[in-house]
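Chemist: My questions will all concern the structure given below.
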Amino acid sequence: MTPSPRVLSLGARAVGDGQPCYVVAEIGVNHNGSLDVARRLVDAAHAAGCDAVKFQKRTPELATPPEMRDTVRETPWGPMTYLAYRRRVEFGEAEYGALDRHCRSLGLTWFASCWDEPSVDFIERFDPPCHKIHSAAVTDGPLLDRLHATGRPLVLSTGMSTMEQIATAVARLEGRPLLLTHSTSTYPCPPEEINLRMIATLRAAFPYPVGYSGHEVGLPTTVAAVALGACYIERHLTLDRAMWGSDQAASVEPGGFERLVHYVRTVETALGDGVKRVYESERPGMARLRRTG
């Protein structure tokens, strides 16, 4: 039997229609270059019941726009150029090796968003279950081709993209198991720009499972995405939203992530199967209160 394109495997988990929602804690660069903070974020994701954590991998000299490289910015380590900052927070082989061992010891899946082709080659060393394609890469043909060539399942985020750009990227990735995530690339994203009905739009336009990658403040809209059919949920995780860093304010703290996973599982249970039935718990009331004839 041919597998359904609405279901794919991410490691040991089937993800898509009829499957439990796959919950990902996006650590990204919220570790601020600290391996200890990264480990604590992994532990928080595991304690919350997440299915996976995700990092971001860059080659700073390639992923930093030339016009921004010499821009000086204030950082917790003092004033430094943007390129020096990107180097300061980037993890290398030793850090990723330690995180790989830590995640494996917890039985927690991890993968990454790669911002350039050498970063894809770097992450490939760790045998990830998939690759995440961040929204900025939707139009990056060479990077899409390199990710396609890995042969792994791909998760394509669709922020700051037109439907035409998404369709072009999807066509370029044809032949690989693919999952699309609706996203708006504003940090934090105001409710009026979240546009959760795009989940249905993407499902109607493409024969692939559809998830949601959120950057809003709060949890209700992410839970609503599950009710609207998102089979994959991704939110940024932070130890403290007041920490320094561009993504921290749009992130969820550990206690909030625990609530998010609980809410997602509750909504999944409550959705049911759509078949009308009289439950046994209703029968005493039905016998007592119903009049017939």
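The values are calculated or read from the model by the stated rules, or taken from the named source; none is laboratory data. Because the structure is a prediction, the values reported are computed rather than measured. So basically every Cβ, Gly included, is an ideal-geometry build from the backbone, and we count neighbours across all protein chains shown.
Chemist: Restricting the search to the range 98-116, which residues are of a type in the set (D, E, K, R) and over 20 Å from the mean Cα position of the chain (by Cα)?
Modeler: Of everything in the range 98-116, just one residue is of a type in the set (D, E, K, R) and over 20 Å from the mean Cα position of the chain (by Cα), namely R101.
Chemist: Does the range 140-169 hold any residues that are assigned to a loop (DSSP other than H, G, I, E, B), buried (at least 16 other Cβ atoms within 10 Å of the Cβ) and either basic (K, R) or touching a residue at least 12 places away in the same chain (Cβ under 8 Å) (or both), and which are they?
Modeler: Applying the first criterion (assigned to a loop (DSSP other than H, G, I, E, B)) to the range 140-169 yields 140, 150-153, 158-162.
Those still in the list that are buried (at least 16 other Cβ atoms within 10 Å of the Cβ) too: 140, 150, 152-153, 158-159, 161.
Answer for the range 140-169, where residues must be assigned to a loop (DSSP other than H, G, I, E, B), buried (at least 16 other Cβ atoms within 10 Å of the Cβ) and either basic (K, R) or touching a residue at least 12 places away in the same chain (Cβ under 8 Å) (or both): T150, R152, P153, T158, G159, S161.
Chemist: Search the range 68-97 for residues being under 26 Å from L154 (Cβ atoms) and part of a helix (DSSP H, G or I), and hand back the single one that is nearest to the chain's Cα centre (by Cα).
Modeler: Start the filter on the range 68-97 by keeping residues that are under 26 Å from L154 (Cβ atoms), which leaves 86, 89-93, 95-97.
Imposing the further condition that a residue be part of a helix (DSSP H, G or I) reduces the set to 86, 89, 93, 95-97.
On the way: R86: 22, V89: 20, E93: 23, E95: 21, Y96: 19, G97: 21 Å.
Among them, the one singled out is Y96.
Chemist: Let me ask something else. From the list V120, V23, V15, V53, which one is under 17 Å from L156 (Cα atoms), in a helix (DSSP H, G or I) and either at pLDDT below 95 or not aromatic (F, W, Y) (or both)? If you could, list the steps in order and put the result at the bottom.
Modeler: Working: V23 fails: in a helix (DSSP H, G or I); V15 fails: in a helix (DSSP H, G or I); V53 fails: in a helix (DSSP H, G or I).
Testing whether each residue is under 17 Å from L156 (Cα atoms), in a helix (DSSP H, G or I) and either at pLDDT below 95 or not aromatic (F, W, Y) (or both) leaves just V120.
Chemist: Return yes when A112 is hydrophobic (A, V, I, L, M, F, W, C), assigned to a helix (DSSP H, G or I) and buried (at least 16 other Cβ atoms within 10 Å of the Cβ) and no when it is not.
Modeler: Numbers: hydrophobic (A, V, I, L, M, F, W, C): yes; assigned to a helix (DSSP H, G or I): no; buried (at least 16 other Cβ atoms within 10 Å of the Cβ): yes.
Here the answer is no, as A112 does not meet what is asked.
Chemist: Now for a different question. Which ones in the range 148-206 are in contact with a helix residue (DSSP H, G or I) (Cβ under 7 Å, 6 or more places away or on another chain), of a type in the set (V, I, T) and over 28 Å from G245 (Cα atoms)?
Modeler: Result: T150, I199.
Chemist: Looking at the range 1-53 only, could you name the residues that are farther than 18 Å from T269 by Cα and among the β-branched types (V, I, T)?
Modeler: T2, V7, V24, I27, V29, V37, V42, V53
Chemist: All but one of (1) aliphatic (A, V, I, L, M); (2) within 23 Å of L237 (Cβ to Cβ); (3) in contact (Cβ under 8 Å) with a residue 40 or more places away in the chain; (4) not in a strand (DSSP E or B) hold for L202, so report the exception by its number.
Modeler: It is condition (2) that L202 fails.
Chemist: Condition first: touching a helix residue (DSSP H, G or I) at 6+ places or on another chain (Cβ under 6 Å) and either farther than 24 Å from T222 by Cβ or in a loop (DSSP other than H, G, I, E, B) (or both). Now tell me which residues in the range 241-293 satisfy that.
Modeler: R241
Chemist: Now for a separate question. So is T222 at pLDDT 95 or above, in a helix (DSSP H, G or I), surrounded by 17 or more Cβ atoms within 10 Å (Cβ to Cβ) and among the β-branched types (V, I, T) or not?
Modeler: Details: at pLDDT 95 or above: yes; in a helix (DSSP H, G or I): yes; surrounded by 17 or more Cβ atoms within 10 Å (Cβ to Cβ): yes; among the β-branched types (V, I, T): yes.
Yes, satisfied.
Chemist: Restricting attention to the range 129-139, and to residues there that are without any contact (Cβ under 8 Å) to a residue 60 or more places away in the chain and surrounded by fewer than 17 Cβ atoms within 10 Å (Cβ to Cβ), which single residue is nearest to T221 (Cα to Cα)?
Modeler: Looking at the filtered set, the residue picked out is A136.
Chemist: Let me ask something else about it. If you scan the range 77-94, which residues turn out to be within 20 Å of H236 (Cα to Cα) and of a type outside the set (V, I, T)?
Modeler: So the first thing to find is which residues in the range 77-94 are within 20 Å of H236 (Cα to Cα), and the list is 86, 89-91.
Listed by number, the residues that qualify are R86, E90, F91.
Chemist: Can you name the condition, by its number, that E61 falls short on among (1) assigned to a strand (DSSP E or B); (2) surrounded by fewer than 21 Cβ atoms within 10 Å (Cβ to Cβ)?
Modeler: (1)
Chemist: Of the numbered conditions (1) surrounded by 14 or more Cβ atoms within 10 Å (Cβ to Cβ); (2) part of a helix (DSSP H, G or I); (3) without any contact (Cβ under 8 Å) to a residue 40 or more places away in the chain, D43 fails exactly one; give the number of that condition.
Modeler: Going through the list (1) surrounded by 14 or more Cβ atoms within 10 Å (Cβ to Cβ); (2) part of a helix (DSSP H, G or I); (3) without any contact (Cβ under 8 Å) to a residue 40 or more places away in the chain, D43 breaks only (3).
Table: residues versus (1) surrounded by 14 or more Cβ atoms within 10 Å (Cβ to Cβ); (2) touching a Gly at 6+ places or on another chain (Cβ under 9 Å); (3) in contact (Cβ under 8 Å) with a residue 60 or more places away in the chain; (4) at positive phi.
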{"position": "R197", "(1), (2), (3), (4)": "no, no, no, no"}
{"position": "F206", "(1), (2), (3), (4)": "yes, no, no, no"}
{"position": "L239", "(1), (2), (3), (4)": "yes, no, yes, no"}
{"position": "A242", "(1), (2), (3), (4)": "no, no, no, no"}
{"position": "F257", "(1), (2), (3), (4)": "yes, yes, yes, no"}
{"position": "L271", "(1), (2), (3), (4)": "no, no, no, no"}
{"position": "E282", "(1), (2), (3), (4)": "no, no, no, no"}
